[in-house]
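Everything on this sheet refers to the single structure shown next.
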Amino acid sequence: MTTHREPLDSVVDTVGETPLVRIHASPDEVPVYAKLESFNPGASVKDRIGKYMLEQMLASGDLPEGGTVVEPTAGNTGIGFAVAANQLGIRAVFVVPERFSVEKQTLMRALGADVVNTPTEDGMGGAIDRAHQLADELDDAVVPQQFSNPLNPEAHYETTAPEVYDALDDEVGALVAGCGTAGTLMGLARYGRERHPDTFVTAVEPVGSLYARLHGRDVEEGAYKTEGIGTHDPATNELFDPDVVNEIVQIGDHETHAEMQRLAAEEGHLVASSSAANALAALDVAERAAAGELDLPYDSVVTVFPDSSERYLSKGVYGDFESWEG
Ligand code: PMP
């Protein structure tokens with residue numbers, strides 16, 4: 001539960017301590033729980049790295065007081081960094097490929113950040129290159145680089161994971177999360193494997209993404225609508241460590257779209273596509289465990305709902321599949 005009962009000094013103090021909620025579609029013997037990250041002030045899981053990375057970089061001197069962060073981001077990271085930067089006296093500039101949602105870019109600007117767009121066809125790699133170029137041109141500017149900075153998974157190791165394990169008295173059988181940077185999953189998985197070495201870990205990506213292919217599976221690369229997870233560019237998956245992952249599961253856009261609508265209609269969750277993909281993968285792990293196909297150290301599966309569908313309403317998330325722009 002969110003337990004901020006005392007008055008707080010800053011909105012940044014409300015990051016974390018998000019609720020963990022049971023998914024009703026899960027088998028009784030092996031419940032699935034989802035960590036509801038839209039309860040953060042910037043309404044996504046990325047508020048955690050915004051706060052954690054900026055505070056750590058200021059403490060270590062890597063980011064000077066009053067300096068600038070320039071970050072390539074699909075959007076939620078920008079909002080997470082912008083919320084923290086806004087309160088910590090840091091200027092924020094975000095480099096966003098055009099295809100990502102307009103809502104997110106509007107929110108970054110409202111928080112005082114500057115947004116620079118790069119062509120969709122240059123991918124996230126193009127945004128990363130442009131961010132470094134901009135940082136070179138500015139005084140006191142740093143690229144936190146969520147795609148390769150160990151502070152990203154560390155934020156989840158230090159905050160998300162202990163919250164999950166506290167809520168379940170350390171009895172977590174499996175961890176399931178979609179990988180964009182893979183920071184969320186890596187932080188959870190490292191913490192989980194220290195608690196129990198047999199903790200089962202599932203990475204989730206959309207069909208068409210490259211994680212499975214980069215790790216030896218013969219799957220096709222292709223476009224997908226699910227937003228925030230998956231990779232097309234090896235430059236964006238440096239944090240992914242196959243040693244803490246048991247399997248990489250691919251979920252198709254059709255199933256994800258239907259699950260996004262089911263989660264709202266049946267379970268009251270206004271969550272976006274990456275949450276729906278995570279839910280499907282987590283329910284599948286729970287069903288395999290309940291059927292005796294998987295041996296989990298504890299009968300529970302934990303996943304993450306990274307953000308809310310409200311951020312994507314203009315893309316038709318609750319319409320029919322064909323009109324969903326992704
Ligand atoms: N879902 C959404 C909506 C996201 O924005 C992100 C971050 N790109 C993720 C999931 C994946 O998180 P991570 O980068 O920690 O793998």
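Values in this text are rule-based calculations from the coordinates and carry no lab data. Computed from a prediction, not measured in an experiment: that's the story for all the values here. Cβ atoms come from the backbone with ideal geometry, glycine included; neighbour counts cover every protein chain shown.
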Where Rh is the Kirkwood radius over the Cα pairs of the range 117-220, the temperature 37 °C and the viscosity 0.692 mPa s, what D in µm²/s does Stokes-Einstein return? 206 µm²/s
Evaluated over the range 30-125, the Cα radius of gyration and Dmax, each in Å: 14.1, 49
Answer in debye to the nearest 20: the dipole magnitude of the chain about its Cα centre, from +1 Lys/Arg and -1 Asp/Glu charges placed on Cβ, is 520 debye
Extent of the chain along each principal axis, from alpha carbon coordinates, in Å, largest to smallest? 58, 46, 37
DSSP beta bridges in the chain [antiparallel fraction, %, rounded to 5]: 15 percent
Looking at the P(r) of the range 165-296, how many percent of alpha-carbon pairs lie beyond 20 Å? 46 percent
Over the chain, the sum of -39500 (n - 2.57) across DSSP H runs of at least four, divided by residue number and rounded to 500 deg cm²/dmol, gives at 222 nm -10500 deg cm²/dmol
Taking 2.2 N^0.38 Å as the expected size of a compact globular protein, what ratio does the Cα radius of gyration of the range 1-40 give against it, to two decimals? 1.52
Between the alpha-carbon centers of the range 247-326 and the range 75-134, tell me the distance in whole angstrom. 26 Å
Convex hull of the range 66-171 built on C-alpha atoms - directionally averaged projected area, nm²: 7.8 nm²
